[in-house]
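These notes concern the structure reproduced below.
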Amino acid sequence: MAVDVKVVTYRDIFQYGAEKMGLHSEEYLRLSASIILDKGDMASLGIAEGGKVLLENELNRIVVNATASADKPHPGLAFMIKSPWSNQLEGDESCPAGASGFKGIQAQVSPSSEGITQMDEILQRLRA
Amino acid sequence: MTEFNYKTCTGCSLICEDILFPDAGSGSVSQARNLCRKGQAHYQALFSERTGPLVEGSEVSLDQAIERAAEILRNASAPVIYGWSNCTLEAQEVGLALAAKIGAFVDDPSSYCEGQLMERILSGKIPSCTLDDVRNFADTSIFWGSDPSSTQPRHLSRFSYFPRGEKRQKSYEEERTCIVVDVRESPTARLCPNTTYRVLPGEDLQFLEAILAVLEGKIPKFGDKKKMIELGSIIKKTEYGVIFPGPLMLVSLQDQMDRFEELLRRLNEITTFKVVPMTGQYNSRGYSQLLFDRTGRVKGVKFTASGEAAEAPSLVEAVKGADAILVLGSDPLLDLPLGLARSFAAAPIIAIDPRRSLTADVARVVIPSAISGLETGGTALRTDGVRVTFEPSMKTNQLADEQILTRIMEAI
Amino acid sequence: MVSAMEIYMLLPKTNCKKCGLPTCMAFAVGLLGREKKLEECTPLFEEKKYEAKLAKLKEIVAPLESASETGLVIHPEKCFGCGNCVIACPVNVAAEPTRVGAGLGPEGDRVILRVEDGVVVANNLQECKRFGPNKILCNACTATCPSKAIEFV
């Protein structure tokens with residue numbers, strides 16, 4: 001069971017702080033490896049608050065934590081803080097400066113029992 | 001108790017100059033006053049893992065690292081210099097001279113989509129003003145696809161909504177309106193829920209056309225009609241409006257910036273409306289201005305052997321074909337999308353950076369530098385173009401970017 | 001902020017009057033208004049069956065205890081250090097009109113709110129307009145906060 005979402009990236013002040021403290025820290029991982037999903041989308045996938053999800057598109061796949069959105073409903077739209085995790089799903093035709101491109105990051109979301117993708121893993125993938 | 005020895009923060013492009021460090025003499029940044037959370041984190045970088053001179057992962061002396069860097073750049077036929085926006089104007093000048101000398105392709109993280117706006121502002125096609133003008137005169141601030149509370153936290157309290165100004169003595173309570181146009185309920189949107197307009201990705205053009213429609217007195221084809229008409233009224237009552245575009249909106253309108261120009265033209269027929277960019281790093285505008293003055297462009301520029309700017313490839317093409325990349329105070333492996341980041345990782349990188357970063361970890365040569373703005377002084381341009389000169393807050397033994405680049409140039 | 005009803009749901013609901021008030025609802029309201037202390041409901045502490053509820057009550061009542069007389073509570077972990085509250089506070093502006101009034105950080109110590117180490121701190125709360133016999137319901141600081149880091153109980 002999977003849902004197609006467009007992922008919009010944004011900047012968060014707390015994640016910025018965590019980045020300055022240490023790129024390999026728990027705090028940075030916790031704030032960056034996560035996605036905000038529409039409540040309805042989460043329910044239809046049977047994902048609990050804080051549950052793990054797999055985000056997959058033709059470029060890559062990553063596992064992050066899911067939180068329910070407190071906004072007005074936005075099915076098919078998800079939000080991620082701009083981070084190396086969100087970058088894993090982003091193609092070059094999008095804007096490197098700070099937001100996902102006009103086409104957005106498209107990905108399939110599904111529940112996952114794998115471990116959260118770690119920073120080391122991401123670094124390895126970049127060097128591969 | 002406190003001596004009013006104000007320091008400058010280079011955490012974001014507002015470059016706040018009213019920071020107080022009671023214990024600066026002892027090298028401590030505790031009890032810092034007026035530093036926002038982002039600035040506080042920026043200063044914490046002083047204490048995070050610093051770089052040391054490295055060649056191919058082995059510790060070397062600073063001279064050896066600089067020598068090796070110069071060697072790589074001297075022998076490169078397609079060098080790239082990337083980063084720039086965390087350097088002082090002085091360092092950027094030296095860097096551009098270096099780029100011209102070795103025939104490098106230069107680019108910075110913001111030029112890709114924000115560059116379109118910046119080029120139009122620097123060339124005068126879109127009217128702009130200073131943030132001090134905003135504080136003194138603006139009665140309508142529109143944050144379109146931007147969230148200053150998260151990216152330039154003191155934007156609203158220093159300039160665009162809360163403070164009093166020459167013509168805005170009653171400020172946000174009676175005389176200023178804050179409007180947010182965004183895809184989600186950002187922290188800034190929470191401050192003005194009645195004047196928040198939700199626009200989904202890709203819908204910015206329709207929103208823009210709807211504004212033009214209500215200004216003509218026509219029924220808008222997009223959005224909540226009542227709300228759009230209200231927006232039209234707010235605009236018509238505005239004496240001095242300012243739009244602060246963010247990356248989401250600029251990416252959405254990247255092929256339709258002429259429509260944005262048209263909107264500004266139309267708004268300025270009715271009243272006064274300006275656009276002030278929201279740049280990322282503290283001296284992003286400084287780099288854009290220098291490059292613009294030199295080449296008439298703000299996006300990627302390729303210097304030829306004679307030092308003149310030529311037809312430039314895209315960043316993607318330049319990096320894929322690069323045989324040497326000098327990264328100045330930036331972390332492309334952290335910030336860039338997958339493909340670009342991989343291309344960077346595959347090329348020989350020389351990283352000049354004060355802190356350990358993902359890019360520094362894969363670099364062939366790492367040259368440690370002082371944190372500009374904190375440990376070295378210099379000049380920078382605030383996001384609105386106002387020139388700020390600052391002294392260092394802390395002492396250091398590290399070289400400034402400017403000095404490192406000068407030494408590399410001498411060695412080539 | 002927690003409501004009187006939420007507190008009431010965790011109380012014994014026996015209306016035993018041991019706290020000196022006629023009903024548990026009155027006690028809940030009293031707790032919220034910080035006129036009553038949790039310890040005054042002796043059954044909560046003496047009877048084992050209320051252990052879990054007591055633990056939860058202690059948790060939600062804690063911020064009330066740290067609140068000042070004006071009712072101001074700051075959650076530094078949520079604070080952006082944006083300075084909106086500093087610039088919006090009318091007492092701050094009156095104390096430093098050429099600085100705070102113009103959006104700059106305060107220089108002196110006569111202000112109520114200022115940003116220290118990246119987050120807001122409160123001092124001199126006796127100067128706050130919500131304090132004292134002629135108090136008014138000024139809410140400049142809480143209404144201008146983007147993250148609900150500053151609240152009134």
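What percent does the relative contact order of chain B come to when contacts are Cα pairs within less than 8 Å and at least six residues apart?
26 percent
If the elastic network links every pair of Cα atoms under 10 Å, which of B:Ile350, B:Ile325, B:Ile219 fluctuates the most in the Gaussian network model of chain B?
Comparing B:Ile350, B:Ile325, B:Ile219 in the GNM, the peak value goes to B:Ile219.
Report the calculated FRET efficiency for B:Gln44 and A:Met1 (r = Cβ-Cβ distance, R0 = 60 Å), to the nearest 0.05.
About 0.90, to the nearest 0.05.
Rounded to the nearest 0.05, what FRET efficiency do A:Arg61 and C:Cys16 give with R0 = 60 Å and r taken as the Cβ-Cβ distance? Could you check?
On the way: r = 60 Å, r/R0 = 0.99.
Between A:Arg61 and C:Cys16 the formula returns 0.50.
Rounded if a/c is under 1.5, else prolate if a/b beats b/c, else oblate: with a ≥ b ≥ c from the C-alpha gyration tensor eigenvalues square-rooted, which is segment C:70-150? Before the final figure, lay out each step's value.
Values: a/c = 1.61, a/b = 1.08, b/c = 1.48.
The shape class here is oblate.
Place a +1 charge on the Cβ of each Lys and Arg in segment C:70-150 and a -1 charge on the Cβ of each Asp and Glu, then give the dipole magnitude about the Cα centre in debye, rounded to the nearest 20.
Values: 8 positive and 7 negative charges, 70 e Å.
That gives segment C:70-150 a dipole magnitude of about 340 debye.
Quick one: what are the phi-derived ³J(HN,Hα) couplings along segment B:362-373, Karplus 6.51/-1.76/1.60 with θ = phi - 60°, whole Hz, x for glycine and proline?
9, 6, 6, 10, 10, 10, x, 9, 6, 6, 6, x
Give a quick list of GluC sites (Glu not before Pro) in segment C:45-140 that DSSP marks as loop, anything other than H, G, I, E or B, with at most 16 other Cβ atoms within 10 Å.
Answer in residue order: C:Glu47, C:Glu69.
With a cut-off of 8 Å between alpha carbons and a minimum separation of six or more residues, what is the relative contact order of chain C in percent? Before the final figure, lay out each step's value.
Working: 205 pairs, mean separation 32.2, N = 153.
After rounding, I find 21 percent.
Does segment B:113-273 come out rounded, prolate or oblate by the C-alpha gyration tensor, with a ≥ b ≥ c the root eigenvalues, rounded set by a/c under 1.5 and, if not, prolate when a/b is larger than b/c and oblate if not?
Details: a/c = 1.28, a/b = 1.20, b/c = 1.07.
It comes out rounded by the Cα gyration axes.
I want to verify a result. In a Gaussian network model of chain B, Cα cutoff 10 Å, which of these has the top mean-square fluctuation: B:Gly329, B:Gly83, B:Gly378?
Sorting by GNM fluctuation, first place goes to B:Gly378.
Note down the nm distance, to one decimal, between modelled labels 7 Å out along Cα→Cβ at B:Gln31 and at A:Glu49.
4.0 nm
Report the rotationally averaged projected area of chain C based on its alpha-carbon convex hull, in square nanometres. Walk me through the numbers before you get to the answer.
Details: hull surface 40.4 nm².
Reported value for the Cα convex hull: 10.1 nm².
Using θ = phi - 60° and the Karplus relation 6.51 cos²θ - 1.76 cosθ + 1.60, list the HN-Hα couplings for segment B:349-357 in order, rounded to whole Hz, with x at every Gly or Pro.
10, 10, 9, 9, 7, x, 10, 5, 9
Identify unpaired cysteines across chain C, taking unpaired to mean no other cysteine Cβ lies under 4.7 Å from the residue's Cβ.
C:Cys16, C:Cys19, C:Cys24, C:Cys41, C:Cys79, C:Cys82, C:Cys89, C:Cys128, C:Cys138, C:Cys145
Quick check on chain A: of the DSSP beta bridges with both residues there, what percent are antiparallel, nearest 5%?
On the way: 15 of 24 bridges.
Antiparallel bridges make up about 60 percent of those DSSP assigns within chain A.
From the phi of every residue in segment B:240-251, what ³J(HN,Hα) in whole Hz does the Karplus formula 6.51 cos²θ - 1.76 cosθ + 1.60 yield, where θ is phi - 60° and glycine or proline is x?
Calculated HN-Hα couplings, in order: 8, x, 9, 10, 10, x, x, x, 4, 6, 5, 5 Hz.
Test of understanding: in a Gaussian network model of chain B with alpha carbons linked when under 10 Å, which of B:Gln116, B:Gln169, B:Gln92 would top the mean-square fluctuation ranking?
B:Gln169
For a quick check: with amide H placed at 1.01 Å from N, whose amide H comes under 5 Å from A:Tyr10's, ignoring anything fewer than 5 positions away on the same chain?
Amide H to amide H, under 5 Å and 5 or more residues apart or across chains, A:Tyr10 pairs with A:Met80, A:Ile81, A:Lys82.
Could you give me the radius of gyration and the Dmax of chain A, taking only the C-alpha atoms into account and expressing both in angstrom?
13.7, 41
For chain A, the longest stretch holding no GluC sites (Glu not before Pro) located in a DSSP loop with at most 14 other Cβ atoms within 10 Å is which?
Details: sites that count: A:Glu49, A:Glu58, A:Glu93, A:Glu114.
Here the longest segment lacking exposed loop sites spans A:1-48.
So, in Å, what gap is there between the alpha-carbon centers of segment B:389-412 and segment B:82-142?
22 Å
What does the helix-only formula give at 222 nm for chain B: each DSSP H stretch with n ≥ 4 adding -39500 (n - 2.57), the total divided by the residues, and the result rounded to the nearest 500 deg cm²/dmol?
Rounded to the nearest 500, the figure is -11000 deg cm²/dmol.
Antiparallel DSSP bridges in the protein assembly as shown: what percent, to the nearest 5?
On the way: 38 of 81 bridges.
Antiparallel: roughly 45 percent of the beta bridges in the protein assembly as shown.
First obtain the Kirkwood hydrodynamic radius of segment B:325-369 from its Cα pairs, then insert it into the Stokes-Einstein equation at 10 °C and 1.306 mPa s, and state the resulting D in µm² per second as a whole number.
Working: Rh = 10.1 Å.
Reported coefficient: 158 µm²/s.
Would you please give the residues with an amide H less than 5 Å from that of B:Val275, counting only those at least 5 places away or on a separate chain, with H modeled from the backbone geometry?
It is B:Ser128, B:Cys129, B:Ile243, by chain and number.
Hey, if you put +1 on the Cβ of every Lys and Arg and -1 on every Asp and Glu Cβ in the protein assembly as shown, which of C:Ile136, C:Gln126, B:Pro245 ends up farthest toward the positive end of that dipole?
Toward the positive end, the furthest listed residue is C:Ile136.
So, in Å, what gap is there between the alpha-carbon centers of segment B:202-281 and segment C:1-76?
Their Cα centres are 51 Å away from one another.
Check C:Val120: other-chain or 5+ apart residues with amide H under 5 Å from its amide H, H built from backbone geometry?
Answer set, sorted by chain and number: C:Gly81.
Please give the Cα centre distance for segment A:26-43 versus segment C:78-104, rounded to the nearest Å.
Cα centroid of segment A:26-43 versus Cα centroid of segment C:78-104: 34 Å apart.
Any read-out appearing in this document is the output of simple, stated calculations on the displayed coordinates, not a laboratory observation. Note that the structure is a prediction, hence the values are computed from the model and not measured. Cβ coordinates were reconstructed from backbone atoms using ideal geometry, including for glycine residues, and neighbour counts include every protein chain displayed.
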